[in-house]
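Quick notes on the structure that follows.
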Amino acid sequence: MTDTISPRAIGTPMPRLEGRAKVTGAAPYAFEQPVDNPTYLHPLQAAVVRGRVTSIDTSAAEALAGVLAVLTHKNAPKLARTNDAELAVLQSADVYFRGQFIGGVVAETSEIARHAAGLVRVEYDEQAHDTQMRADSDNVYEPDKVNPTFPADTDEGDVDAALASAAATVDQTYTTPMEHNNPMEPHTTVARWDNSAGDGETRLLLYDSTQGVHSVRTTLAPIFGLDPERVRVVAPHVGGAFGSKGRPHAHNVLAVLAAQLTSGRPVKLALTRQQMFCLAGHRTPTIQRVRLGSGPDGHLTAIAHDVVEHTSRIKEFAEQTAVMTRMMYAAPNRRTSHRLAALDVPVPSWMRAPGETPGSFGLEVAMDELAVDLDLDPIALRVRNDPETDPESGKPWSSRHLVECLRDGARRFGWEQRSRPAGGRRKGDWLVGFGVASATYPAYGGPGSAARIGYDDRGRYTVRIGAVDLGTGAWTVLTQIAADALDCPVEDVALEIGDTDLPKATVAGGSSGTTAWGSTIVAAARAFRDQHGDQPAPGAEVQAEMPAHPDKEKFAVHSFGAQFAEARVHVDTGEIRVPRMLGVFSVGRVINPRTARSQFIGGMTMGLSMALHERSVLDHQTGHVVNHDFAEYHIAAHADVGDVDAVWLDEEDPHANPMGSKGIGEIGIVGAAAAVANATYNATGVRIRDLPITPDKFLG
Ligand code: MOS
């Protein structure tokens, strides 16, 4: 059992500390950071999918007044390391995907840079390409692992034999499309390459929109042959990321290459929304075959989840789509597999709850289909198959209250009013249905962070850690955690985050931030009190690392939740409305109900958007996403979103971390699309297994 801290500030709905600065425009995002004498970079992008640049005529661009430099593979500085093909920007004439950087124009204004970019003439030697994922392609392969380090395949028992003798079976294929993260703030970097110190040393400063300042430093420093200590990355505020800013992308490298040509003047680069559809990562499309077998009573005897997805030919990213299926329900015979089609597409990456988000669509719709087949309530089916211990590792759960979430949600949602059979409830011209799905997300957040706590002469505790607030509330919840760990009022805590000049911190990803950084702050607070007592002298200071956490080895630690949705489908047009969603979550202790609620309903809204709207249309002739803007890539807007509510169980998980909390950033999206899909089935009796669920799928 971990020694948890006593909550006082923790658990209160403290408003965001940076809220006033944000709404008054005083909180600087990367592009707005005040820098002297800025220059502006506009990228040149490949207009073919695969091939080589054979000629690139920059003369007209260079002749334009206000243009400072035109960067191409011919004049770009050589990188010290090129093993990451996504980041080996302008190191050759090769083109690997449509929209790849083939150069950039640096100018006195962004308008001049953009205009000049249009004057560059490029010729290509074009090669045949393939951007279309098919389950039967001959380029489908088994990866060594799936994100982050799970085995690609698992196999236990004899699935085929169990399916052959099952009383009831489901064998269906579910598909999800390519999707794009689309944070409000685009991917932005301001880079200054500074040789002015006179000591022969280059210093690189980046104001970056990122999920991890230290990970940007450790990734970029070796690429540019710099000592990490010479690279400073600053990110006090970030306008959303959802995984797309989890690692540096090519735009960071392009900006730093350009900054080497401007004699120390800072270079500003903000990707346009359209550029974000090929340069900032995306979620792979998935083809998921799910097979379930059960006895007549609904006890699962077999679970199989076989996934095909895509990756880029130049860099592998393997989404862990079937990993949730390994631990969600009990069954003696279980198998999962992941296969990748290597294509000429931009590099896929993390997108909110990678793996669990698409995987929960396949698994949780299949569970709904089995419940229909058995004429069982879908909640009863899930309760019946709730495992006592983790089926994958055999470890006990640190806490698993999925059944309570399902039951509490059923009561709050009015589940007993659900139509039975499907298609049996109508209000005017609308068919009305209810759907449910389970949600889970593992507790990531290991060592790698450090925090420094000092006591100043004004009686304040400064708490320094290089964490990043993506807009989710880290400024606020880390202040609450520090106050309770130091046993002082929140007003006495001065938090500093978002800068590599602060002690190193792990990336804000995998719902790990509060666990990793909070545990580190608690360790530092305990070390501070041990060394300096309750009445420290001004100037007292302690730095501590995040300690190892033995309970993480002994227990399977996951967040859980139950998603409920009401869907209405119009009998003539197939129009779909979702007037109500409810999420009931079991996430250990909630540090801040205000920011937590925002995370949950934000995730659920994103899941609604995935269910009904989001789809990146990759044109296989031209190799680019044709709906690459908000006019065509529809994200749920106010008029699409009904009453979305989130509640949580009152609990603490003593094995998770010293705050008793578990991750909340991603579980809100998990299962949400399945709940909506299951609700549309319950409304209509028509089963849609292909996202997004659009009106045409109910017609004809
Ligand atoms: Mo989250 S997609 O791991 O940043």
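The numbers here are math on the coordinates, done by the rules we state, and not lab data. Note that this is a predicted model, so its numbers are computed, not measured. Every residue, glycine among them, receives a Cβ derived from its backbone with ideal geometry; neighbour counts consider all protein chains shown.
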Study note, to complete from the structure: Cross-link reach from K697 to lysines, straight Cα distance under 28 Å and at least 8 residues apart if same chain, gives K427
Review point. Between A646 and residues 5 or more places away or on another chain, which pairs have amide H atoms under 5 Å apart, with H built 1.01 Å from N, and which residues are they?
Key: G583
Practice item. Could you order peptides 411-417, 274-280 by the average number of other Cβ atoms within 10 Å of their residues, highest first? Key: 274-280, 411-417
Study note, to complete from the structure: Under 5 Å from the placed amide H of A27, counting only residues 5+ away or on other chains, we find K22
Review point. Mind listing which GluC sites (Glu not before Pro) in region 3-99 are in a DSSP loop and have 16 or fewer other Cβ atoms within 10 Å?
Key: none
Revision key, fill the gap. Taking r as the C-beta separation of A548 and D36 and R0 as 51 Å, the FRET efficiency to the nearest 0.05 is 0.70
Review point. If the limit is 22 Å between Cα atoms, which of K395/K662; K554/K662; K315/K552; K22/K662 go over it?
Key: K315/K552; K22/K662
Check your understanding: Based solely on its DSSP helices, what 222 nm [θ] is calculated for the chain when runs of n ≥ 4 H residues each add -39,500 (n - 2.57) and the sum is averaged over all residues, nearest 500 deg cm²/dmol?
Key -> -7000 deg cm²/dmol
Exercise for review: Using Cα positions and a limit of under 19 Å, work out the aspartates and glutamates in reach of K504, with same-chain residues fewer than 8 apart set aside.
Suggested key: D208, D227, E229, D469, E496, E541, E545
Study note, to complete from the structure: DSSP beta bridges in the chain: the antiparallel percent, rounded to 5, is 75
Revision key, fill the gap. Most packed first (mean Cβ within 10 Å per residue), the peptides 49-58, 212-221 order as 212-221, 49-58
Review point. Computed over the Cα atoms of region 490-588, what is the ratio Rg over Rh, Rh following Kirkwood?
Key: 1.22
Exercise for review: Mind giving me the nanometre distance, one decimal, between the label points for V23 and V571, set 7 Å out from Cα along Cα→Cβ?
Suggested key: 4.6
Check your understanding: Counting only residues 5 or more places away or on other chains, whose amide H sits under 5 Å from the amide H of L495 once H atoms are built in the peptide plane?
Key -> V463
Review point. For the chain, which DSSP H helices look membrane-span-like by this rule: Cα extent along the axis of 30 Å or more and mean Kyte-Doolittle of at least 0.5?
Key: none
Study note, to complete from the structure: Hits in region 173-191: amide N under 19 Å from the 7 Å Cα→Cβ extension of D629, namely 180-187
Review point. Peptides 636-647, 68-79: what's the order by average Cβ count within 10 Å, highest mean first?
Key: 68-79, 636-647
**Study point:** region 125-259 - percent relative contact order, Cα under 8 Å, separation 6 or more
**Key:** 22
Check your understanding: Separation between the M184 and E416 pseudo-spin-labels, each 7 Å from Cα along Cα→Cβ, expressed in nm?
Key -> 4.2
Study note, to complete from the structure: As a percent rounded to 5, the proportion of antiparallel DSSP bridges among beta bridges in region 172-242 is 60
Study note, to complete from the structure: Taking 0.36 nm per residue of separation between V686 and D158 and subtracting their Cα-Cα distance, the length gained on full extension comes to 186.9 nm
Study note, to complete from the structure: So, with points 7 Å from each Cα along the Cβ direction, the D640-R458 label distance in nm works out to 4.6
Revision key, fill the gap. Sparse-neighbourhood loop hits (GluC sites (Glu not before Pro), region 306-411; DSSP loop; Cβ within 10 Å at most 10 others) -> E388
**Study point:** Two-site FRET efficiency, T218 against T694, from Cβ-Cβ distance with R₀ of 45 Å, rounded to 0.05
**Key:** 0.55
Study note, to complete from the structure: Inter-part gap, Cα centre of region 297-311 to Cα centre of region 455-483, in whole angstrom, is 43
